[in-house]
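Structure record follows, encoded as structure tokens.
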Amino acid sequence: MAEAYVSLITNDKYGDGAIVLGKSLKLTQTTRKLVLMVTNDVSTAKRQEISEYWDNIIDIQIMESKDTKNLSLLNRPELKCTLSKLHAWNLTQFTKCVFLDADVMVLRNVDDLFEYDELSAAPDVGWPDCFNSGVFVFKPSKETFQNLVELAANKGSFDGGDQGLLNEYFSDWPRKDIKFHLPFTYNMVANICYSYSPAYLRYGKDVKIVHFLGSRKPWDHVFSQVSREAVVSKDLSHLHNFTNMWWEIFISSEEKSLKTEVSNLSTTSNLSLSLNQSELPPLNVENTVDDSDDRRQKWEAGIPDYTGKDKFENIMKRLNDVMQSTNIAPSDDDALPSDENNPTSEN
């Protein structure tokens with residue numbers, strides 16, 4: 001039996017995300033089927049547009065969360081439809097599937113994900129004892145689907161969306177064998193990795209999937225046909241390069257046919273080269289928002305700008321300035337030994 005990548009869209013906006021997701025999977029030369037679940041709110045025109053990039057488009061009934069209280073805590077009321085994701089377990093024509101949210105972008109071939117078992121996922125950046133449900137490996141099962149529906153009806157989701165429900169059902173995930181924990185490179189959150197840029201510089205070349213987590217998606221930004229770049233607001237400037245990558249794929253889907261690009265994948269497709277490059281573009285660390293309140297909140301949250309204003313040299317300079325301005329000088333006991341009193345100093 002076949003294996004498949006599965007995604008879900010509940011409106012036309014996420015349809016643009018599905019186009020980029022489907023195309024990025026094709027460009028990275030996956031050998032698996034691409035299955036997209038759609039609800040009634042997706043227009044006929046968008047379905048036709050998407051069909052070029054997905055092998056199967058399956059209609060499903062929308063499943064809404066009534067937990068408006070927890071959704072309001074997340075400030076994400078649009079997530080009320082995400083329980084429709086549970087329909088993925090009904091795809092029993094496949095032996096194993098990898099679910100990908102429509103707001104992710106695949107940079108390199110990830111068919112090795114099918115070597116993992118259910119339920120394999122990457123830790124959530126907000127609470128690592130939970131997994132992020134934007135990328136996960138699962139095994140379709142009518143029984144599992146029914147169990148999930150019953151859990152949703154009887155107990156609900158602690159965050160009002162699919163992630164809380166799935167973490168409740170697969171509650172042993174944080175204590176299971178490490179083989180069920182996907183590396184962060186399979187679900188790198190684009191809008192958080194800049195807070196630890198040293199790790200990005202070290203491991204960024206290994207990133208395979210970028211996840212545009214949060215309420216602002218790449219398709220919410222304006223793309224300039226003149227500069228051929230996305231216009232990103234200052235507070236999201238750290239997403240500029242990733243957003244441009246997303247738009248590069250999306251715009252190319254309008255300018256060229258997929259068949260032409262795939263047939264020339266190894267020669268003329270600059271896009272395919274960028275998707276399979278050895279290194280990702282640098283983050284716009286220096287151009288990130290520089291508001292003092294924002295910096296203070298990030299510092300208190302434990303995510304200072306290590307490479308910017310909060311780097312060690314700047315902190316020490318600020319401390320020295322304060323000490324000098326208040327006439328604080330080190331005591332004799334704190335003074336460094338002179339060379340003549342220091343037997344280990346070099347002459």
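The values are calculated or read from the model by the stated rules, or taken from the named source; none is laboratory data. Quantities reported herein were computed from a predicted structural model and do not represent experimental measurements. Note: ideal-geometry Cβ built from the backbone for every residue, glycine included; neighbour counts use all protein chains shown.
Out of the range 97-150, which residues are closer than 14 Å to Phe170 by Cβ and part of a loop (DSSP other than H, G, I, E, B)?
Passing the criteria: Tyr116, Asp117, Glu118, Leu119, Asp124, Asp129, Cys130, Lys139, Ser141.
Just one of Gly161, Gly156 is under 19 Å from the mean Cα position of the chain (by Cα) and either over 21 Å from Tyr116 (Cβ atoms) or surrounded by 11 or more Cβ atoms within 10 Å (Cβ to Cβ) (or both); which is it?
From the options Gly161, Gly156, the qualifying one is Gly161.
Looking only at the range 162-214, filter to residues that are assigned to a loop (DSSP other than H, G, I, E, B) and farther than 24 Å from Asn109 by Cβ; which one of those is modelled with the lowest pLDDT?
Ile192
Give the residues of the range 44-76 that are outside any helix (DSSP H, G or I), surrounded by fewer than 13 Cβ atoms within 10 Å (Cβ to Cβ) and at pLDDT 95 or above, sorted by residue number.
Asp59
Please name all residue pairs, on different chains or six or more residues apart, with Cβ atoms under 9 Å, provided the first residue is in the range 198-224 and is surrounded by fewer than 17 Cβ atoms within 10 Å (Cβ to Cβ) and basic (Lys, Arg) and the second residue is modelled with pLDDT under 90 and not in a loop (DSSP other than H, G, I, E, B).
Arg216/Leu236; Arg216/Leu239
For Thr185, only one of the following conditions fails: (1) in contact with a helix residue (DSSP H, G or I) (Cβ under 9 Å, 6 or more places away or on another chain); (2) surrounded by fewer than 22 Cβ atoms within 10 Å (Cβ to Cβ); (3) over 19 Å from Leu25 (Cβ atoms); (4) not aromatic (Phe, Trp, Tyr). What is its number?
Going through (1) in contact with a helix residue (DSSP H, G or I) (Cβ under 9 Å, 6 or more places away or on another chain); (2) surrounded by fewer than 22 Cβ atoms within 10 Å (Cβ to Cβ); (3) over 19 Å from Leu25 (Cβ atoms); (4) not aromatic (Phe, Trp, Tyr) one by one, Thr185 breaks only (3).
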